[in-house]
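Q: Mind having a look at this structure? Questions to follow.
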Amino acid sequence: MRKTLIAGNWKMHGSKASIEALLNGIKQQLDAAWTSDLLVCPPSLYMDGVSQQLSDTPITVGAQNMSEQEQGAFTGEISGDMLQDFGVDYVLVGHSERRSLYHESNELVARKFAKALEQGLKPILCIGETLEERENGSTMDVVKQQVDAVIDFYGDRSTGLNKLAQGVIAYEPVWAIGTGVTASPEQAQEVHASIRRYLAETKQTVADTIQILYGGSMKAANAEQLLAQQDIDGGLIGGASLKADEFIAICKIAG
Ligand code: 13P
């Protein structure tokens, strides 16, 4: 049985005041009976404060990005060790905004994934196709290349798959991110199942156990149908994670 993970990606939103209000709203409505893993990824400057405010809750804290480097003269970057130092558990790597706006290549994302594991963090590998790629029928080619970059980083496929399995995959079709247009449950399920089939070609156990989250305009109104899909193991939620009631409603659906 794969565990459900509900993760909020706050992106570059919030202030001390708005984050405190959001967390108070969330904390008031948490239900101890929920068994899903819950995660929020605040902007890095706020991570420590958020960790402290959530210390008496089961919600863990993740980063939105990290450096592929260990340490050194890399102005503006944050290393995995620094994240560890602040008790961060998860880190997003290869979010589509990082890939498109900051030109992160598959190879760079693979290096970040590997460095995160090396430094004791759980990487969430974000993958997904653009609208153009979907329309020209190359969704699976794109997604496979994004996954393969991580697997190939390790040299042989078997080792690569074992490493991949120590992280999480988040399928986020670019055309569904921040657009209000969500993938239909069937569209999302089809890609999730195809990813598992692809991994199963080399290692069935990895295909069966790896968590694959869906992201892209997930909200309370569509979470139930998406999370009901057999191969969808949770959500990576942007906009809706900034509203306590929406985020809590999704957590409640996940249970
Ligand atoms: P939205 O939920 O705002 O579409 O963002 C999804 C996302 O990019 C999460 O990482």
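The numbers here are math on the coordinates, done by the rules we state, and not lab data. In this text, all values refer to a predicted model and were calculated from it rather than measured experimentally. Ideal geometry is used to build each Cβ from the backbone, glycine not excepted, and the neighbour counts take in all protein chains shown.
Q: So how far apart, in nm, are the two label points at LYS27 and ALA193 if each is 7 Å from Cα heading toward Cβ?
A: That separation, rounded to one decimal, is 4.3 nm.
Q: Here is a further query. Could you list, in their original order, any pairs among LYS11/LYS122; LYS11/LYS112; LYS16/LYS252 whose Cα atoms are separated by more than 22 Å?
A: Details: LYS11/LYS122 18 Å; LYS11/LYS112 18 Å; LYS16/LYS252 26 Å.
LYS16/LYS252, as the Cα separations exceed 22 Å there.
Q: Please compute the modelled spin-label separation between ASN162 and SER15, points set 7 Å along Cα→Cβ, answer in nm with one decimal.
A: Placing both labels 7 Å beyond Cα along the Cβ direction yields 5.1 nm.
Q: Here's another thing I want to ask about it. Cα centroids of region 117-152 and region 19-86: how far apart, whole angstrom?
A: First find each Cα centre; the distance between them is then 24 Å.
Q: Using only Cα atoms, what is the ratio of the radius of gyration of region 125-217 to 2.2 N^0.38 Å? All intermediate terms of the calculation are to be shown ahead of the outcome.
A: Details: Rg = 13.0 Å, N = 93, 2.2 N^0.38 = 12.3 Å.
Normalised by 2.2 N^0.38 Å, the Cα Rg of region 125-217 equals 1.05.
Q: Highest first, please rank the peptides 212-219, 37-44 by the mean number of other Cβ atoms sitting within 10 Å of their residues. Mind dumping the intermediate values first?
A: Working: 212-219: 25.8, 37-44: 22.1.
Peptide ranking by packing, descending: 212-219, 37-44.
Q: Filter the GluC sites (Glu not before Pro) in region 17-89 down to the DSSP loop ones having no more than 15 other Cβ atoms within 10 Å, then list what survives.
A: Those that pass, being in a loop and sparsely packed, are GLU70, GLU77.
Q: How much of the pair distance distribution for region 40-143 lies past 25 Å, counting alpha-carbon pairs only, in percent?
A: On the way: 1370 of 5356 pairs.
Percentage above 25 Å: 26.
Q: If you filter region 1-80 for trypsin sites (Lys or Arg not before Pro), then keep DSSP loop positions with at most 14 other Cβ within 10 Å, what is left? Show your work: numbers first, answer last.
A: Values: sites: ARG2, LYS3, LYS11, LYS16, LYS27; in loops: ARG2, LYS3, LYS11.
Here the sparse-neighbourhood loop sites are ARG2, LYS3.
Q: Normalise the Debye intensity by I(0) for the chain, one equal point scatterer per Cα, no solvent, then take log10 at q = 0.13, 0.15 Å⁻¹ and round to two decimals.
A: -0.78, -1.06
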